[in-house]
Amino acid sequence: MDLRFTETQEILKKMARDFLTTECPKTLVRKLEQSKEGYSPELWKKMAELGWMGLIIPEEYGGMGYTFQDLVVLLEEIGRNILPGPLIATITSTFPILQAGTEEQKKELLPKIAQGNLILTTALLEADGIFDASGIAVKAAPKGNDFVINGTKLFVEMAHVANYILCVTRTKDGASPEKGITLFIIDSKTPGISCEVMPTIAADKLCEVSFKNVNVPKKNILGKIDEGWPIVEMMLRKGAIAKCAESVGGIETCVEMTVAYSKERVQYERTIGSFQALQHKMADMWMAMETSRYLVYEVAWMESEGLPCAKEASMAKAYVNEVYKNLSKWAVRLHGAIATSADHDIPLYYRRSKA
């Protein structure tokens, strides 16, 4: 296993960092947090021109045909800079189409996704907040050539601006919770769908989506009927790795900002970075950051190579989640009172790590 970046990845990394630094300053991040949409259509269009939405989509469908490991490089830079919007939701929702979509579905949707003309999101969680099949209660009942969907999904990312929603439903009660799960690709403008943005600490536009007698054609089934849970497991695994990569970028920024500040802030006639107790804490932060990066890039490599990595993905998810929360908290503490101000950048990362 070689975790060194390839030349292509180095170019992608530099291009993404330069672009986001110029096009998505923190002033824009704060503005988008308060906006109704939660993202910038102009910035979205520029990202599409760079090929970000189609990064992992094969060239035959209008994408760039990059690997999952290449995607992780991009997502790390997105986390470093904080990019509000539906990019990760769209990419995560593209995985099931790539794996289980019919040729007709792929030809219809993938080119439009790659061009930035479609925003996708996935509706999975419900009221009990369980990430396994036993938590799926939203019903999809057959009716002629359609299915009728009823129920409510929570924490659906950017659903208020999505063109399509991948909805995980229960089409049959089986011997085990995993039997009878079916995915549907639903046009968000279908009658009977209502969407409300839920307030969160990160202002990241998570939505409550209700389905009331929503008719969906059978041709919109993703994969096989009643056999959708393996698709969900794949999406959860890849989605977890994607969010971990984004988190690693945020972790790196918290550490770098804290180290830089410790070299400038003077207290008792010396820089605070010269105090041994603070040096110890920053050393701990650095080691946790490097461990997080290793875990994420190891599992990203395994995913790219098609190797079983459910355990490694869970390890990365469990560890990186805690590291991001703890390191952003220590970044606030080591910066002092200034880091409690909404005008400072550290709280942007702190709130996202908590979310």
Between rounded, prolate and oblate, where does region 81-183 land on the alpha carbon gyration tensor, with a ≥ b ≥ c its root eigenvalues, rounded for a/c under 1.5, else prolate if a/b exceeds b/c? oblate
Using a probe of 1.4 angstrom, how much of the accessible area of the chain is carbon and sulfur, in percent? 53
Computed FRET efficiency, Cβ-Cβ of E37 and T102, R0 35 Å: what is it to the nearest 0.05? 0.65
Each residue of region 190-206 in order: what ³J(HN,Hα) in whole Hz does its phi give by Karplus 6.51 cos²θ - 1.76 cosθ + 1.60, θ = phi - 60°, with x for Gly and Pro? 4, x, x, 9, 10, 9, 9, 6, 9, x, 9, 5, 9, 6, 9, 6, 8
With region 1-59 reduced to its Cα atoms and the Debye formula applied, log10 I(q)/I(0) at q = 0.14, 0.29 1/Å amounts to -0.52, -1.22
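Working from the pairwise distances between different alpha carbons, so that the mean of 1/r is found and then inverted, what is the chain's Kirkwood radius in Å?
21.3 Å is the Kirkwood radius here.
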In whole Å, how far is the Cα centre of region 143-218 from that of region 241-282? 42
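With N set to the residue count of region 248-355, report its C-alpha Rg divided by 2.2 N^0.38 Å to two decimal places.
1.21
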Relative to the longest principal axis of the chain, what angle (0 to 90°, nearest 10) does the C-alpha long axis of helix 103-114 take? 30
222 nm [θ] for the chain, helices only, -39500 (n - 2.57) per DSSP H run of 4+, per residue, to 500? -16500 deg cm²/dmol
Can you give the angle from 0 to 90° between the axis of helix 7-23 and the longest principal axis of the chain, with both taken from C-alpha atoms, to the nearest 10? 80
In Å³ and rounded to a whole number, note down the convex hull volume per residue for the Cα atoms of region 137-204. 101
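For P142, what charge total do you get from the other residues with a beta carbon under 12 Å from its beta carbon, if Lys and Arg give +1 and Asp and Glu give -1? Intermediate results must be reported in sequence, preceding the final value.
Working: positive: K139, K143, K172, K218; negative: D146, D226.
Value of the local net charge: +2.
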Using alpha carbons only, how many degrees (0 to 90, rounded to 10) separate the axis of helix 41-50 from the longest principal axis of the chain? 90
Computed on Cα atoms, Rg of region 123-254 relative to 2.2 N^0.38 Å comes out at 1.09
Taking only the alpha carbons of region 47-119, what extent do you get along each of the three principal axes, in Å, biggest first? 37, 22, 20
Heavy atoms of T182: accessible area, 1.4 Å probe, square angstrom to 10: 0
Can you compute 3J(HN,Hα) from phi for each residue in region 180-186, using the Karplus curve 6.51 cos²θ - 1.76 cosθ + 1.60 with θ = phi - 60°, rounded to whole Hz and x for Gly and Pro? x, 9, 9, 9, 10, 9, 10
Would you mind getting the Kirkwood hydrodynamic radius of region 258-303 from its Cα pairs, rounded to one decimal in Å? 12.2
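Based on alpha-carbon atoms only, what is the radius of gyration of region 182-287 relative to the globular estimate 2.2 N^0.38 Å?
Numbers: Rg = 23.7 Å, N = 106, 2.2 N^0.38 = 12.9 Å.
Computed over Cα atoms of region 182-287, the ratio equals 1.83.
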Could you report the chain's accessible area per residue, 1.4 Å probe, as an integer in Å²? 47
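What fraction of the DSSP beta bridges in the chain is antiparallel, stated in percent and rounded to the nearest 5?
Close to 85 percent.
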Using DSSP loop states and a limit of at most 14 other Cβ atoms within 10 Å to flag GluC sites (Glu not before Pro), what is the longest stretch of the chain containing no flagged site? 1-263
Taking all protein chains together and a probe of 1.4 Å, list H335, H344 from the most accessible to the least accessible. H344, H335
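The values are calculated or read from the model by the stated rules, or taken from the named source; none is laboratory data. All of these numbers come straight from a predicted model, not from anything done at the bench. Counting neighbours? That spans all protein chains shown, and the Cβs are built from the backbone with ideal geometry, glycine included. For the accessible areas, the whole protein counts, side chains as well, though only heavy atoms, and no ligand, DNA or RNA atoms are used. Shrake-Rupley method; radii C 1.70, N 1.55, O 1.52, S 1.80 Å.
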